[in-house]
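Notes follow once the structure below has been shown.
The values are calculated or read from the model by the stated rules, or taken from the named source; none is laboratory data. These numbers were taken from a predicted model, which means no experiment stands behind them. Don't worry about glycine lacking a Cβ; one is built from the backbone with ideal geometry, like all the others, and counts go over all protein chains shown.
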Amino acid sequence: MSVPTAEEIMTFVAARAVRDGQVCLVGHGIPAAAAHLARRLHAPAAVVVHESGAVDVRLRDDDPLTDATVADRALTHVTLGSLYGEWLQAGRVDLGFVGHVPGAQLDRYANIGSSVVGEYDEPTERLPGPGAAAEIAAWAGETVIVVRHRLQAFVEQVDFVTAVGHGTGPLDRALLGLRGRGPVRVVTDLGVLEPDPQTAELVLTAVHPGIDVEQVRAETGWDLQVAPDVRTTPEPTGTELAALRTLRPASTEESP
Amino acid sequence: MSVPTAEEIMTFVAARAVRDGQVCLVGHGIPAAAAHLARRLHAPAAVVVHESGAVDVRLRDDDPLTDATVADRALTHVTLGSLYGEWLQAGRVDLGFVGHVPGAQLDRYANIGSSVVGEYDEPTERLPGPGAAAEIAAWAGETVIVVRHRLQAFVEQVDFVTAVGHGTGPLDRALLGLRGRGPVRVVTDLGVLEPDPQTAELVLTAVHPGIDVEQVRAETGWDLQVAPDVRTTPEPTGTELAALRTLRPASTEESP
Amino acid sequence: MPKIVDLTTAVGDLVHDGATVALEGVDHLVPYAAAHELVRLRRRRLTLVRASSDQLTDQLVGAGCVDTLVFSHAAGPDGRPPARLLDALGHDWPAPLRIEEHTHPVMAARYAAGAARVPFGVVRDTGTDLPHHTPTITSIRCPFTGSAVTAVAALVPDVTVVHAQRADRDGNVEIRGPVGLQRDAVHAARAALVTVEEIVDALDPAPGAVVLPKAVVTAVVAAPGGAAPSRVHGFYEPDDAALRDWADISADRRRFGAWLDAMAGTS
Amino acid sequence: MPKIVDLTTAVGDLVHDGATVALEGVDHLVPYAAAHELVRLRRRRLTLVRASSDQLTDQLVGAGCVDTLVFSHAAGPDGRPPARLLDALGHDWPAPLRIEEHTHPVMAARYAAGAARVPFGVVRDTGTDLPHHTPTITSIRCPFTGSAVTAVAALVPDVTVVHAQRADRDGNVEIRGPVGLQRDAVHAARAALVTVEEIVDALDPAPGAVVLPKAVVTAVVAAPGGAAPSRVHGFYEPDDAALRDWADISADRRRFGAWLDAMAGTS
């Protein structure tokens, strides 16, 4: 079996964030693959809810992850009004994923800017916009952000706050009335960042195989702190990789 | 076939208020029977929506009207939140029925008091309460009220406004922001009352077979006006009566 | 707590004295078995939320379980408020009863706001006198149009109790036929207890059925017949005689007392 | 108007210049056939409401049909806003484009308020900067708790356009698989146009399917393949190549112009 791609490594790392029994809200791409991979590897009782409104999707062992299989294997479908109101805003989602948005900014407090770069009315770049990122970051019990690690994206402070991560420090979420722990992990193609429990600032806690800390610093637009016990992400086993490739046979075609 | 009961006469008169193609919202008893009878007799395209949330119930010719047949023959079921919000309040109900509530008051402007007789906090009689009468009277395109005609119930002015009919006169509905024409017909066991187009006061427009106008006046607590062309309700034909008795074989057991 | 438990455990663990408990279901899927367990366990000072308050409400009120009733209609088969309810309201027997009276649509809107965990919901003003007597409904202005609308306070029961046709072994629940307020009342609640006719290996939902995923269900209890004398679509029809006979029991404190003794004796 | 009509009649009669038109469907049941008819009929000054704005939005914007876009996400298969949209925003080509940007949940809440015909809905404040730039969302106080919440203006499209698997001859519609915002957008609208894969004598809804009763549907059009290149659950899968190829057409005004000419020629 060929070596894992960067996207596959990101999927494994994201999957490891899923604990058994959690209700996970996922969108297309790495988040959906990560949640279903977790169900196959270590979290068989995780309840996967898709942003399409498919609730409790239990793919069979040989099912690829497609829109068709997700729809067919859902326990039930709910309207997006129900999904966002009664599930997400109501606090029934334990773990929410925010997927990669090309061009979006992420700052040292894990706030996300996916609407514009620059001024809102005269942007230097128009980005796709929020989707449900603001609500996922606000109301899920915890949030995992999946993003490509590029200097342009990892900024000191986002130009526009599309979604609040930790605001300007450890007290902001409580002051704003947000629920849960907010972003607990940022999974990039270079490593993993987690908020410091004291300051809420993102700290590098792991680097992926073949990546060194200086590479990560070079792609980070603030003075990135590195955890004293920074780890190297373990490589997936052959069994793990096979499980992922059953889910996403064509994933190498897509960009992360 | 035996002669029609008072309840059956009321059902026929209520059924005649249903026009073909109308969306009708009905509760148990005479309203449901009237709407389904209308579908069999003159309004086959009427869309009958039950207060249970059963939408577009099309009973077959030999179906009796029961909770089971209503559930089985519904096009779909909606939650009561959807029924009251997206159907009734949104103005998608053309004709709403308000059924008989024992002890409830009705006044000369067709306002309904079904919460209490007397003061709210120290009532002389506690009544069942509103159900959805306030919203049916407010938001349906037009409302038909079905009620037993008794002096105690037909009062000059209700003690407590559970549901607004025509308020205190012809302008009140518009001032309150209510939709539609409000109560257009009050069907009793003695006759039919309709609001005067100028004053909105209920006027006697028909008496049922065997009832005379003085009997109706004697059971009405205000100086009841009588239409110059007051009619006598036509008796149902044998075919009509047979159609009703297929729907409600046991209806003679119940009080109207 | 495991999802699938016995009735006494479920009711005992989930419903505490002083709790706000919603029991929903109109004519269909009325959770009588769970209500009777509340009586047997002598729960007290409950705020009972039951939009269509019927014999079930009458039994809980008469048994002294309830100190506040939130409702939108209260009637037995004869269309009149049942006798135990009137005795509590009129004569404080067996205890005073506070009421909070809404319309059905307001009850639905209160549950919907609770289900989304927003503090209030919005309905249009019908002109009814009810808001003058109830603190959980008031008039506000729309910040966009300036028009007056009615705000209704979110309703978040400590526990919602409903009955359904079936559940699977994971605790997913299927409701067939009219679903009433039950779906929204379950989503609105902090905990949800569902009694079911049967527990099956896997659900096979009928078209139009409502599925309550296990994530919104706290406990499932196998209680075949648990909605009698009301009906359960696909299982049994209402017991009209039993529903009518209740009026005679309820009409008389002594006869009701005998019913209550018999109920307590069956625990 | 009879319920079942042809596409040109339905779009022509229901969508007027200057109208607010919602076209919903994400990846699944995207109403391309109806959108292309809007292009052919040269509709102008539309307020286009499309939460997940993709190739369909790009085509309508590039064709000059739209002067305001209400959306919550705008991206093609590469995850970036499509080129015609960026050209309109950045260079006013072919015309200036005003935008109103919300989150998906706010779009859902706006439709829900519209569907119930209340002037606004309530969501919780997430701290996002978006409300500072959009007039249809603002902060208010809960009249019961005093807490700050976010009010969102009701969205009532003049017309909502969706695609579905099938309708019966009366105009009742069945949607299988993910239903997205479509149900609420239909209920919210003054008129609803539904294109379907097939018209059948009687619906036989699948478990979990959503039925839109004829009373909420203004017109039904038989348009087999009418959601391609998106997918229709049970009928066809997405045409990934066609979706990817759009980027090349959209990237270039001249190539887009050729597409537009070809589209106009097929009427």
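Cβ-Cβ distance below 6 Å, separation of 6 or more or different chains: which pairs start in the range D:212-226 with a residue that is more than 9 Å from chain B (Cβ to nearest Cβ) and end on one that is at pLDDT below 95 and assigned to a loop (DSSP other than H, G, I, E, B)? From residues that are more than 9 Å from chain B (Cβ to nearest Cβ), the pairs are D:220/D:3.
Scanning the range A:115-143 for residues that are closer than 18 Å to residue A:167 by Cβ and surrounded by 24 or more Cβ atoms within 10 Å (Cβ to Cβ) returns A:115, A:130, A:133, A:134, A:135, A:136, A:137, A:138, A:139, A:140, A:143. Here residue D:90 meets each of (1) assigned by TED's automatic domain parsing to the domain that holds residue D:249; (2) surrounded by 19 or more Cβ atoms within 10 Å (Cβ to Cβ) with one exception, condition (2). Residue A:250 passes every criterion in (1) aliphatic (A, V, I, L, M); (2) modelled with pLDDT of 95 or more; (3) over 27 Å from residue A:125 (Cβ atoms) apart from (2).
The rows are residues; the columns are (1) modelled with pLDDT under 95; (2) assigned to a loop (DSSP other than H, G, I, E, B).
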site	(1), (2)
D:207	yes, yes
D:221	no, no
D:225	no, yes
D:234	no, yes
D:244	yes, no
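Collect the residues in the range C:65-122 that are more than 7 Å from every other protein chain (Cβ to nearest Cβ), in a loop (DSSP other than H, G, I, E, B) and either more than 18 Å from residue B:103 (Cβ to Cβ) or without any contact (Cβ under 8 Å) to a residue 24 or more places away in the chain (or both), keeping them in residue-number order. Of everything in the range C:65-122, those that are more than 7 Å from every other protein chain (Cβ to nearest Cβ), in a loop (DSSP other than H, G, I, E, B) and either more than 18 Å from residue B:103 (Cβ to Cβ) or without any contact (Cβ under 8 Å) to a residue 24 or more places away in the chain (or both) turn out to be C:65, C:92, C:93, C:94, C:95, C:96, C:97, C:102. The set of residues in the range D:27-56 that are among the β-branched types (Val, Ile, Thr) and surrounded by fewer than 24 Cβ atoms within 10 Å (Cβ to Cβ) comprises D:39, D:47. Screening residue C:187 against (1) under 30 Å from residue B:183 (Cβ atoms); (2) within 7 Å of another protein chain (Cβ to nearest Cβ); (3) in contact with a helix residue (DSSP H, G or I) (Cβ under 8 Å, 6 or more places away or on another chain); (4) surrounded by 22 or more Cβ atoms within 10 Å (Cβ to Cβ) leaves a single unmet condition, (1). Scanning the range A:188-239 for residues that are touching a helix residue (DSSP H, G or I) at 6+ places or on another chain (Cβ under 6 Å) and farther than 19 Å from residue A:16 by Cβ yields a count of 2. Listed by position, the strands (runs of 3 or more DSSP E) inside the range A:74-152 whose residues that are facing another protein chain (nearest Cβ under 7 Å) and within 14 Å of the chain's Cα centre (by Cα) number at least 1 form an empty set.
Of all the residues in the range D:211-223, those that are within 20 Å of residue D:235 (Cβ to Cβ) and surrounded by 21 or more Cβ atoms within 10 Å (Cβ to Cβ) number 6. With the structure loaded, tell me whether residue B:220 is part of a loop (DSSP other than H, G, I, E, B), at pLDDT 95 or above, surrounded by fewer than 19 Cβ atoms within 10 Å (Cβ to Cβ) and of a type in the set (S, T, N, Q) or whether it fails that test. Criteria not met by residue B:220. Taken together, the residues in the range A:46-63 that are assigned to a loop (DSSP other than H, G, I, E, B) and either basic (Lys, Arg) or within 12 Å of chain D (Cβ to nearest Cβ) (or both) amount to 5. Out of all the residues in the range D:144-174, which are crowded, with 16+ Cβ neighbours inside 10 Å, facing another protein chain (nearest Cβ under 7 Å) and of a type outside the set (Phe, Trp, Tyr)? D:149, D:151, D:153, D:172, listed by residue number.
Go through the range B:53-78 and give me each residue that's in contact with a Gly (Cβ under 7 Å, 6 or more places away or on another chain) and either crowded, with 22+ Cβ neighbours inside 10 Å or in contact (Cβ under 8 Å) with a residue 40 or more places away in the chain (or both).
Start the filter on the range B:53-78 by keeping residues that are in contact with a Gly (Cβ under 7 Å, 6 or more places away or on another chain), which leaves B:53, B:71, B:76-78.
Matches in the range B:53-78: B:53, B:71, B:77, B:78.
Of the listed requirements (1) under 21 Å from residue C:62 (Cα atoms); (2) within 14 Å of chain B (Cβ to nearest Cβ); (3) basic (Lys, Arg), residue C:253 misses just one: (2).
For the range D:130-143, which positions are surrounded by 20 or more Cβ atoms within 10 Å (Cβ to Cβ) and under 17 Å from residue A:178 (Cα atoms)?
D:130
Is there a residue being in contact with a helix residue (DSSP H, G or I) (Cβ under 8 Å, 6 or more places away or on another chain) and more than 15 Å from residue D:260 (Cβ to Cβ) anywhere in the range D:37-47? Yes, the conditions are met somewhere in the range D:37-47. When residue D:59 is tested against (1) crowded, with 23+ Cβ neighbours inside 10 Å; (2) within 14 Å of chain A (Cβ to nearest Cβ); (3) not in a strand (DSSP E or B), exactly one condition is not met: (2). For the range B:167-211, filtering for residues that are in a loop (DSSP other than H, G, I, E, B) and of a type in the set (A, V, I, L, M, F, W, C) leaves 5.
Just to be sure, is residue B:174 at positive phi and among the aliphatic types (A, V, I, L, M)? So residue B:174 does not fit the description; no.
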